[in-house]
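Data block below; observations after.
We did not get these values from a lab; they are worked out from the coordinates using the rules stated. Because the structure is a prediction, the values reported are computed rather than measured. Positions of Cβ are backbone-derived with ideal geometry, glycine not excepted, and every protein chain shown enters the neighbour counts.
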Amino acid sequence: MAPHPLRRNREFLLLWSGQAISQLGSQVSLVAYPLLVLAVTGSPAKAGLVGFARNVPVAALALPAGWLADRVNRKYLMVASDGVRALAMASIPAALAAGSVPYALIVAVAAIDGIGFVVSYVAERGALRQLVAPEQLGEAVTRNESRTFGAMLAGPPLGGLLFGIARAIPFVADAVSSAVSTVTKLLIATEFQEARVDEAFGGAREGLRWLWQRPFLRNSMLLFAGSNPIFSGLYLLIVVLARHHGASSASVGLMLGIAAGGGLLGALLAPRLQRRMTARGALVGESWAMTASIPLLLVAPGALLLGAIVAVAELITPVTNSFVVGYRVALAPDRLQGRVQAASTLISFSAGWAGPLVVGLLLQGAGETATVLALTGWALVLAVAATGSRAFRHPPTLDAPGSASPSLISAS
C-alpha cells in the first residue's frame, strides 16, 4: 500500500511547520545581528565576530550534539533547545528596553543561538526517517530545503523592515518563533527514534568513522567545509557593500531575501533537476557557479543586484544538498543517525565560522576589492578539486531494501 502523500502526513507537517516558523525567526534575527552591531559599534570586524560566535558552536559541538541525539529522546532534546534559544533571544530586546545593549551580550546570544541550532539540526535529521516512509525520504529532504530557502527569502527583508521600525522587534520575533516551534514538536505523537535494543552504544566518534569510510560522502563533506566559509562570509560582504552604496536597512533585508531566492528556486526545481542531473553534476556545477559569480560583486551598482548575484551562486545548492543528505539519511542505521549527521555537520561547518570573521577583517584591513579577489581565488581552488574528484564519479549504491527514494536512485 502506498504511503500517504507528505501533505497529508500530520506528524511530518507538524515538524516541518514548526521548523519553518523557527527558521523564519532565525533569518529575521540573522540580518538584525550585523545591523545592530554596526549601529552600536560601527565596526565590520565586530560584526564578523558575532557571526563567528554563532557559527563556531556548529563545528565545535557537532559530535557531542550527535551523541546526545542518539542517546536521549530526540523530541525533548529539540524542545529544550528551542526553549533555551527563545529565552536567550528575548534578552536582547530586554536590554534595549532598559536603555542599551552591551556588545558582549550580543556575542553571548549569538553563541547560544548557534548551540541551539546544531542540537536541533542533528536531531531533526535523525528524526526524519521515523516520520516519513523510506521511499519519501528524497521528497522530504527537498521539502526541508525549500523550507530553509523560503525562510531565507522572506526573513531578511522582514528583518530589515522590522529593524528599521525598532531595533528590538527582530529579536522579539525570533524568540516567539522558537516558542511556537516547541509547541508543534510536543504535538507530534510519533517517536523520533527507534526503540533501543541492548547493544553496545559506541562513542561520539562512531558516526565520524562511518562517514569517513564512504568516499563520496566524505569528499562531499570536505567540499562543503571549504565552501561554507565563502557562503557565510558572502552575506556579511554584501551587507557592507550595500551599506557603502547607501542602502537602507529595508533595502539590505530585501537584498538578502533576493539572495535567498536563488536557493528557493533551486529547491522548488530540485525534484525535476534530480531526475536530469547526476550527483557529480550538481556538486561540480555548484562550485563553478560560485566561482563565476563572486567577482561580479565588484561591479554591482546597488543592493538589489548584489542580492541577485548571490542568488545565482546559490541556485544549485538545494539540489546538491538533496543528493548528499538523501544518501546519508537512507544509508545510515537509525542508531547512528544523530552521530552521522553530527559528523557531517562537524566536517561541513568546521571552517564555516571563519567566513564572517575573515571577511570582516579583510574588509577592515585590505578593502573590498582584495576581499572579493580572495574569495574568488578560494572558490576556484574548490571548483578545480571538485571537478577532479574520483569519488564524485561513483556515488553510493542505494540497494538496501526500503532504504532509497526513487528520485535518488534515478539521479545516480
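Some observations on this one:
- The angle between the Cα long axis of helix 137-165 and the longest principal axis of the Cα atoms of the chain comes to about 20 degrees, rounded to the nearest 10.
- Backbone phi angles across region 273-278, fed through the Karplus curve with coefficients 6.51, -1.76 and 1.60 (θ = phi - 60°), yield HN-Hα couplings of 5, 4, 6, 10, 10, 8 Hz in residue order; Gly and Pro are listed as x.
- Label of the coordinate-derived value, volume of the Cα convex hull per residue in Å³, listed as [x] 137; [y] 146; [z] 124: [z]
- Simple spin-label estimate for Val299 and Val180 gives 4.2 nm between the two label positions (7 Å along the Cα-to-Cβ direction from each Cα).
- Put a dot 7 Å past the Cα of Ser248, heading toward its Cβ, do the same for Arg272, and the two dots end up 3.6 nm apart.
- Summary of packing: across the peptides 121-127, 376-382, 348-354, the per-residue average of other C-beta atoms within 10 Å ranks them, highest first, as 121-127, 348-354, 376-382.
- Annotation: extensible slack from Val384 through Glu191 equals 65.1 nm (criterion: 0.36 nm per residue apart, minus Cα-Cα distance).
- Karplus-derived 3J(HN,Hα), 6.51/-1.76/1.60, for each residue of region 30-42, Hz, glycine and proline x: 4, 6, 6, 3, x, 5, 5, 5, 5, 5, 7, 10, x
- GNM top mover of Leu186, Leu153, Leu362 - the chain, alpha-carbon springs below 10 Å: Leu186
- Gyration tensor verdict on region 226-270 (Cα atoms; rounded if a/c is under 1.5, prolate if a/b is larger than b/c, oblate otherwise): oblate
- The phi-based Karplus calculation (6.51 cos²θ - 1.76 cosθ + 1.60; θ = phi - 60°) puts the 3J(HN,Hα) values of region 341-355 at 4, 5, 5, 5, 5, 4, 5, 4, 9, 4, 10, x, 4, 6, x Hz, whole numbers, x for Gly and Pro.
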